[in-house]
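Please read the structure below before turning to the comments.
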Amino acid sequence: MKTPFLNAGVRVLLLGLMTVSSAYAAESQKKDVELEKAKQAISAALQAAKPGITVSGVEPSVMPGLYKTTIGDGPQVYATADGKFFVAGEVFEVSPGKIVNLTDQERNVDRAKAIAGIDKKDSIIFAPKGEVKKVMYVFTDVDCGYCQLLHSKVGEYNDLGIEVRYLAYPRAGINSNSYNKIASAWCAKDRNDALTKLKNRQEIPENVCADNPVAEQFELGRKIGLSGTPALVFEDGQLIGGYVEPARLLEMLNI
């Protein structure tokens, strides 16, 4: 007598799960349709306003009714679903006791993904002798005074357990004299020594090899929003612009 009752209970449970699943699927499908409509409307509106503009990404934002829209490789704006209005700026969430920059958090996620894609062999690494507590990617230019100052303290960063991985960012651009210098360091047999000499304002033989990663790293820096050098980027996507004393950085990173 108990078995039919249990079977009936199972049937009711399964029916409930199917109903919930169907409702979820319908809601998900509705959101996908709305997103696709927004993508088309936003792209069409921006291209009509400025022919040739490229919309490379549209996705829902944390603000109801607005979509995070990426134009080309850069900037991100927040657009209405019909594309008639957009806001260029940052989004902050206000809650009791704190104000959080949500836009910066999203950028951290994007930067973390970009940094994770870098092949370790394409960076010039100065590593601690002991435990590595933190990996710090440094976008650098050899002619930048603060970049030279940071490099003079690279041993102190290492002593704190920070591994420094240099990435190239010649501020004068590709095919400039700064590019030739830094590319020659990346193409040198002893890259660490070559980079150190350049940071000490010494000359090294010009040797720009065809397969160097400088142009790619320069473009990556532009894409993740660098405004100058040195720029410090960590594996969680946190970006610190400018030179920071080793002891101060230790406090900021809470190592």
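The values are calculated or read from the model by the stated rules, or taken from the named source; none is laboratory data. Model, not experiment: these values are computed from the prediction. FYI the Cβ positions are ideal-geometry reconstructions off the backbone, even for glycines, and counts take in every protein chain you see.
Go through the stretch 239-252 and report how many residues are under 22 Å from the mean Cα position of the chain (by Cα) and surrounded by fewer than 18 Cβ atoms within 10 Å (Cβ to Cβ).
So the count comes out to 4.
Among the residues in the stretch 80-102, are any acidic (Asp, Glu) and not in a strand (DSSP E or B)?
Initial filter on the stretch 80-102 (acidic (Asp, Glu)): 82, 90, 93.
Keeping just the survivors that are not in a strand (DSSP E or B) gives 82, 90.
Yes, because at least one residue in the stretch 80-102 is acidic (Asp, Glu) and not in a strand (DSSP E or B).
In the stretch 189-236, what residues are buried (at least 22 other Cβ atoms within 10 Å of the Cβ) and without any contact (Cβ under 8 Å) to a residue 24 or more places away in the chain?
Matches in the stretch 189-236: 194 only.
Residue by residue, here is whether (1) closer than 17 Å to residue 252 by Cα; (2) under 21 Å from the mean Cα position of the chain (by Cα); (3) modelled with pLDDT of 95 or more holds:
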site: 135; (1), (2), (3): yes, yes, yes
site: 140; (1), (2), (3): no, yes, yes
site: 148; (1), (2), (3): no, no, yes
site: 157; (1), (2), (3): yes, no, yes
site: 163; (1), (2), (3): yes, yes, yes
site: 166; (1), (2), (3): no, yes, yes
site: 169; (1), (2), (3): no, yes, yes
site: 172; (1), (2), (3): no, no, no
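Answer yes or no as to whether residue 62 is among the β-branched types (Val, Ile, Thr), out of contact with any helix residue (DSSP H, G or I) (no Cβ under 7 Å at 6 or more places or on another chain) and modelled with pLDDT under 90.
No; evaluated as a whole, the condition is false for this residue.
Of the residues that make up the stretch 125-144, is at least one aromatic (Phe, Trp, Tyr), over 30 Å from residue 72 (Cβ atoms) and buried (at least 18 other Cβ atoms within 10 Å of the Cβ)? First the steps, then the outcome.
The initial filter retains those residues of the stretch 125-144 that are aromatic (Phe, Trp, Tyr), namely 126, 137, 139.
After this cut, where a residue has to be over 30 Å from residue 72 (Cβ atoms) as well, the list is 126.
From the residues that got through so far, the ones that are buried (at least 18 other Cβ atoms within 10 Å of the Cβ) too are 126.
Yes, the stretch 125-144 has at least one match.
So which pairs qualify, if the first residue must be in the stretch 116-127 and in the same structural domain as residue 182 (by TED's automatic domain parsing) and in contact (Cβ under 8 Å) with a residue 40 or more places away in the chain, the second must be exposed (fewer than 13 other Cβ atoms within 10 Å of the Cβ) and among the aliphatic types (A, V, I, L, M), the Cβ gap must be under 6 Å, and the two must be at least 6 apart or on different chains?
Filtered contacts from the stretch 116-127: no entries.
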